[in-house]
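Right, one structure below, let's go through it.
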Amino acid sequence: MQENPELREVGGWFEIEGTWRGGDRYGSGHINQTYVSEFDRAGAVVRYVHQAINQEIFQDVPGLMRNLHRVTSHLRTSASQSESSGRWEVPALVPTREGTFWHRDDAGVCWRTFAFIEGSRTYDVAPGPDIAREAARGFGRFARELADLDPSELVESIPRFHDLEGRLARLRGASVEDPVGRAATVERELEAVWTRVEVADEFRRLWDAGDLPVRVAHNDTKVNNALIDDETGRVVAIIDLDTVMPGTLLFDYGDLVRTATCRAAEDERDLAAVAVDPGLFGAVTQGFIEQVGSVATSAELEHLLLGARFMTLIIGVRFLTDYLEGDRYFRTSRPDQNLDRARTQLALLRSIETSAESLEEEIWDSRRALQGRS
């Protein structure tokens with residue numbers, strides 16, 4: 001750990017016992033700035049996660065933090081009433097010394113702190129079916145335990161976050177206005193998007209018909225938002241709860257398929273390596289349906305693959321839009337990284353489309369297995 005006076009000051013704003021030992025940057029997230037600090041408590045090292053909230057994206061910080069407190073409190077109650085065995089933890093917000101859950105510093109930056117969940121790790125790419133299944137089980141359990149929380153109790157931390165129609169309109173505007181002169185380089189990618197707008201139409205029909213219940217959804221179920229126990233390999237927690245707000249099970253299942261069923265990196269340049277892995281897809285589907293089967297409707301289960309198409313397309317659209325707008329949203333570490341990310345999503349979407357028949361059969365197999373256990 002490095003000697004970082006700024007993090008020492010951050011730690012002092014929160015109700016943390018012990019002597020600060022050091023801190024450093026942590027994780028690979030695109031949005032918030034995340035750090036970890038160590039404290040000496042009677043000879044034992046205790047770690048905490050500090051985050052500087054990205055206020056350009058999360059503009060209603062009080063609403064965001066009320067969401068987090070409401071959701072984690074509900075999850076903690078659900079966990080205490082659960083009969084399931086095994087380790088399962090809920091991210092614990094650390095209060096400030098003023099009794100709130102966030103602190104605004106003199107520069108206007110809003111900070112929050114969580115207790116570090118020890119003995120666990122994340123994976124940016126699922127190394128095999130076991131981890132993919134565990135991530136899916138974790139997000140499925142997360143959805144199931146929040147099924148009785150009224151979505152209207154939560155604010156939209158990012159308004160219209162999964163509004164595909166709105167995202168397509170913004171992409172169209174960016175391609176026409178071309179603020180940084182990149183539109184001519186993405187004609188093939190734009191064509192790939194425009195030929196798939198029926199995904200938005202299909203989702204809109206189901207949503208308007210009331211076939212997709214509004215639920216409390218995680219809305220960002222990347223595999224690296226599931227913590228896996230170092231020793232057992234089982235999922236122990238779901239993290240990164242900023243986007244927990246009203247949504248649908250299709251969003252959460254779809255983003256799992258997008259992030260946990262392809263072995264390629266998110267910014268893979270070799271598009272031939274981008275494809276749905278049948279083994280990983282089966283593991284994700286089994287793990288998710290196992291957990292949500294008791295609360296999901298038939299319509300939700302019947303349209304899970306639409307969720308995969310929807311989420312892969314919308315994330316591809318977001319990467320492509322950000323590239324056209326000058327990389328303003330997603331943090332990049334090299335030129336054209338957001339373009340590579342967009343191309344990877346579109347290649348994955350093509351793989352989902354060409355494999356649709358076998359993927360639907362896998363979903364049905366998982367549903368039949370669930371019925372056989374009930």
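Which members of region 178-190 meet the condition of being over 27 Å from the mean Cα position of the chain (by Cα) and either surrounded by 12 or more Cβ atoms within 10 Å (Cβ to Cβ) or not assigned by TED's automatic domain parsing to the domain that holds Ala342 (or both)? Before the answer, list the steps.
The first filter runs over region 178-190 and keeps only residues over 27 Å from the mean Cα position of the chain (by Cα), leaving 178-185, 187-188.
Result: Asp178, Pro179, Val180, Arg182, Ala183, Thr185.
Hey, which of the helices (runs of 4 or more DSSP H) in region 164-273, taking only ones fully inside, have at least 1 residues that are touching a strand residue (DSSP E or B) at 6+ places or on another chain (Cβ under 7 Å)?
Those helices (runs of 4 or more DSSP H) span 249-260.
If you check Arg205, Arg160 for being without any contact (Cβ under 8 Å) to a residue 24 or more places away in the chain, over 23 Å from Thr344 (Cβ atoms), in contact with a Gly (Cβ under 8 Å, 6 or more places away or on another chain) and surrounded by fewer than 18 Cβ atoms within 10 Å (Cβ to Cβ), only one passes: Arg160. Whenever a residue of region 329-345 is under 14 Å from Arg167 (Cβ atoms), its partners that are at pLDDT below 95, lying with C-beta atoms within less than 7 angstrom and at least six residues away or across chains, give the pairs Phe330/His30. Within 20 Å of the chain's Cα centre (by Cα), in a loop (DSSP other than H, G, I, E, B) and either in the same structural domain as Val317 (by TED's automatic domain parsing) or surrounded by 12 or more Cβ atoms within 10 Å (Cβ to Cβ) (or both), is that true of Ala147? Yes; evaluated as a whole, the condition is true for this residue.
Restricting attention to region 310-349, the residues that are at pLDDT 95 or above, charged (D, E, K, R) and either surrounded by fewer than 17 Cβ atoms within 10 Å (Cβ to Cβ) or not in a helix (DSSP H, G or I) (or both) add up to 3.
Between Ser157, Ser175, which is under 19 Å from the mean Cα position of the chain (by Cα), farther than 27 Å from Arg263 by Cβ and of a type in the set (Ser, Thr, Tyr)? Before the answer, list the steps.
Working: Ser175 fails: under 19 Å from the mean Cα position of the chain (by Cα).
Of the residues listed, the single one that is under 19 Å from the mean Cα position of the chain (by Cα), farther than 27 Å from Arg263 by Cβ and of a type in the set (Ser, Thr, Tyr) is Ser157.
Among the candidates Ala135, Ala79, Ala92, the residue that is assigned by TED's automatic domain parsing to the domain that holds Val292 and surrounded by 13 or more Cβ atoms within 10 Å (Cβ to Cβ) is uniquely Ala135.
The values are calculated or read from the model by the stated rules, or taken from the named source; none is laboratory data. It should be emphasised that the depicted structure is a prediction, and the values quoted were computed from it without experimental measurement. Neighbour counts are summed over all protein chains in view; Cβ atoms, including those assigned to glycine, are modelled from backbone coordinates with ideal geometry.
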